[in-house]
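Visitor: If you scroll down you'll find the structure; I have some questions about it.
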Amino acid sequence: MKPIIINFVAAQSETGKTTVLEKLIPELINRGLRVAALKGNLRHYDLDTPGKDSWRLARAGAEIAGLTTPEGYMLIGSAGHQEGTAAAAELLRDFDLILVEGNKESPYPKIELVRGNTGGEPVMPGHTVAFLSDRDDLKTDLPVLKIDDITALADFIEQRFLVQNSDNGAGEENQTARFTHFDGDGRPRMVDVSSKKTTLREAYARGEIVMAPSTLTRITAGQITKGDVFSVAQVAAVMAVKETGRLIPMAHPLGISGVEVDFRPVEKESKVEIGVKVRLTGQTGVEMEALTGVSVAALTIYDMCKAVDRNMVIQNIRLIEKKGGRSGHYRREQL
């Protein structure tokens, strides 16, 4: 899949585009993203100055020329029939994001910086998707993010461009909203997480099983003949968490570091609420593990009680909260 290209533009220079990107890049990398950054729309650059060795090598016909040092490298190449950013994107196809500083004429989505102390007004070049500003009086229908709130900016980029959202619609500026479990040809795949950063990740899911009042009474009183329902269901949840990679086709086998299971009988609604929290330090999250743990705990309660109540209903299994990884902190508004 092609990387997402986002231009950061402003009407004037000295608005702090570079400073914003300096803060944004490590924030995105900490979320497990591969990020490249380019300076856009330059007329020339010293690396390619006529007469320099790199220029001479490129003129000799090398598709890509450049310089290397023990610590890194710089590359130049001919864009051919493409403009420079598109050509660079071909080489950076394994990256998640390419952040480009400048180039208001770019055909890619743009985030515009508007500073109050410059007295400037928004330019709103084509494909503008949001503003970064220190002004409170900016009149626009587009999202306006605080220029110093890098976390909010990273959240916006992920939700807008990296998370499949049916409300986003289609079109060029939504070029990268996608389901990551499908490859470029639409075939299912297990996502390669080898380049993601290892971070602490946590997920908490809940669900419930509704039953007859007499069934709930027998469970809490320890009168189910198969044994202690909650103890068995707790063990089942832990086992299910550890087996998620074998049960869900595109889920990764994970080295789980912790599982917590809780049960809350609710007499008024004649149900048991189930919660499962899963933690690990790794390269991918544990939402599926928490949801699978809740599901199997509920199924175990059903199995242990079905002799006295086959009308039980398992329902409302949902993710409550997740932390860590590329999408940052998520918490469901309606628990």
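Values quoted throughout were computed directly from the atomic coordinates according to the rules given, and no laboratory measurement underlies them. Note that the coordinates shown come from a computational prediction; the quantities given were computed from them, not determined experimentally. Don't worry about glycine lacking a Cβ; one is built from the backbone with ideal geometry, like all the others, and counts go over all protein chains shown.
Visitor: When the C-alpha atoms of the stretch 213-253 are aligned to their principal axes, what extent does each axis show, in angstrom, from largest down?
Guide: 40, 17, 12
Visitor: How far apart, in nm, are the 7 Å Cα→Cβ label points at Thr140 and Glu260?
Guide: Taking the two extended label points, one gets 4.1 nm.
Visitor: Fully extended, how many nm does the chain gain between Asp94 and Val308 (0.36 nm per residue separation, minus their Cα-Cα distance)? Before the final figure, lay out the partial values.
Guide: Values: separation 214, 0.36 × 214 = 77.04 nm, distance 5.55 nm.
The span from Asp94 to Val308 would gain 71.5 nm if fully extended.
Visitor: Could you work out the Rg to Rh ratio of the stretch 199-331, with Rh taken as the Kirkwood radius (inverse of the mean 1/r over all Cα pairs)?
Guide: Ratio of gyration radius to Kirkwood radius: 1.01.
Visitor: If you don't mind, another one. Enter the Cα centre distance for the pair the stretch 277-306 and the stretch 87-157, rounded to the nearest angstrom.
Guide: Cα centroid to Cα centroid, the span is 40 Å.
Visitor: Mind checking which lysines have their C-alpha under 16 Å from Lys104, skipping anything on the same chain fewer than 8 residues away?
Guide: Lys17, Lys39
Visitor: So how far apart, in nm, are the two label points at His329 and Leu75 if each is 7 Å from Cα heading toward Cβ?
Guide: The answer from the label model is 3.8 nm.
Visitor: Let me ask something else. On full extension of the chain, what length is gained from Lys197 through Leu67, given 0.36 nm per residue of separation minus the C-alpha to C-alpha distance?
Guide: Details: separation 130, 0.36 × 130 = 46.80 nm, distance 2.77 nm.
The span from Lys197 to Leu67 would gain 44.0 nm if fully extended.
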